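Below is one structure; the comments refer to it alone.
No value in this document is a laboratory result; all are computed from the given coordinates. Since the structure is predicted, the reported quantities are computational estimates derived from the model, not experimental observations. We place every Cβ from the backbone using ideal geometry, glycine too, and count neighbours over all the protein chains shown.
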Amino acid sequence: MERMESMEPISACYTTAYPEIQPDSGYGSRDGTENQAKTPPPPAYDEELVHKTILVGDSGVGKTSLLVQFDQGKFIPGSFSATVGIGFTIWDTAGQERFRSVTHAYYRDAHALLLLYDITSKSSFDNIRAWLTEIHEYAQSDVVIMLLGNKADMNSDRAIRRDEGERLAREYSVPFMETSAKTGVNVDLAFTAVAKELKHRAAQHPNEPKFQIHEYIEAQKEKSGCCSYF
């Protein structure tokens with residue numbers, strides 16, 4: 001893991017593997033030549049899709065902890081010196097104003113943004129609108145954005161109700177869930193949902209239905225069945 005003390009976002013670049021697309025079995029039939037003439041072959045896709053996901057939000061909301069939990073499946077309080085082992089490069093800072101111009105450059109080639117606030121910190125939630133304004137100004141227009149209310153394990157210290165997060169997410173038409181970097185609740189789901197959205201965008205045929213990230217998240221929540229944090 002590489003650390004730089006000059007940028008606010010955490011940047012995670014990782015690969016999503018999926019099977020190579022094979023031609024339809026009909027090409028082997030006796031009228032296969034005719035079918036080939038009428039039906040264009042499916043587009044060729046790489047077996048691995050590499051995308052850049054950036055975690056943004058106020059200092060102390062748990063960006064690094066969330067990423068370490070996703071990669072290593074554990075919570076490391078107060079220490080982030082462990083190596084992250086699947087091709088992550090991490091930048092983490094306090095987000096001083098003098099580094100903002102550098103931060104803006106990182107938005108431009110991001111494929112997905114996980115925007116975090118701390119459910120025990122009203123100021124981190126209040127600043128979400130400013131983060132979204134900045135994202136919409138500097139990021140690509142089709143960037144995938146997901147809003148995460150982190151530290152859901154600290155319910156007794158909650159300052160932001162879940163429905164407040166849901167309402168803000170609806171206002172900006174982005175998916176939302178509460179996560180816990182400490183217990184792992186919804187951490188894998190957040191990254192997996194983003195990866196599936198990006199994979200479907202890359203591999204989608206014109207006649208295929210669009211992947212619905214909101215529906216996927218809700219279906220996975222129902223399937224998990226455990227839910228005090230949902």
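Order of 183-192, 130-139 by packing, highest average Cβ count within 10 Å first? Present the calculation step by step, with values, prior to reporting the outcome.
On the way: 183-192: 19.4, 130-139: 15.5.
Final packing ranking: 183-192, 130-139.
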Restricting things to Cα coordinates, could you compute the convex hull volume per residue of the range 104-166 in Å³? 81
Quick check: pseudo-label points 7 Å beyond the Cα along Cα→Cβ at Glu218 and Glu171, how many nm apart are they? 2.2
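So how do 213-222, 60-69, 169-178 stack up, highest first, on mean other-Cβ count within 10 Å? All intermediate terms of the calculation are to be shown ahead of the outcome.
Details: 213-222: 14.6, 60-69: 23.2, 169-178: 17.0.
Descending packing order for the listed peptides: 60-69, 169-178, 213-222.
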Per 0.36 nm of contour for each residue apart, how much would the distance between Asp109 and Ala203 grow if the chain were fully extended, relative to their Cα-Cα spacing? 31.9 nm
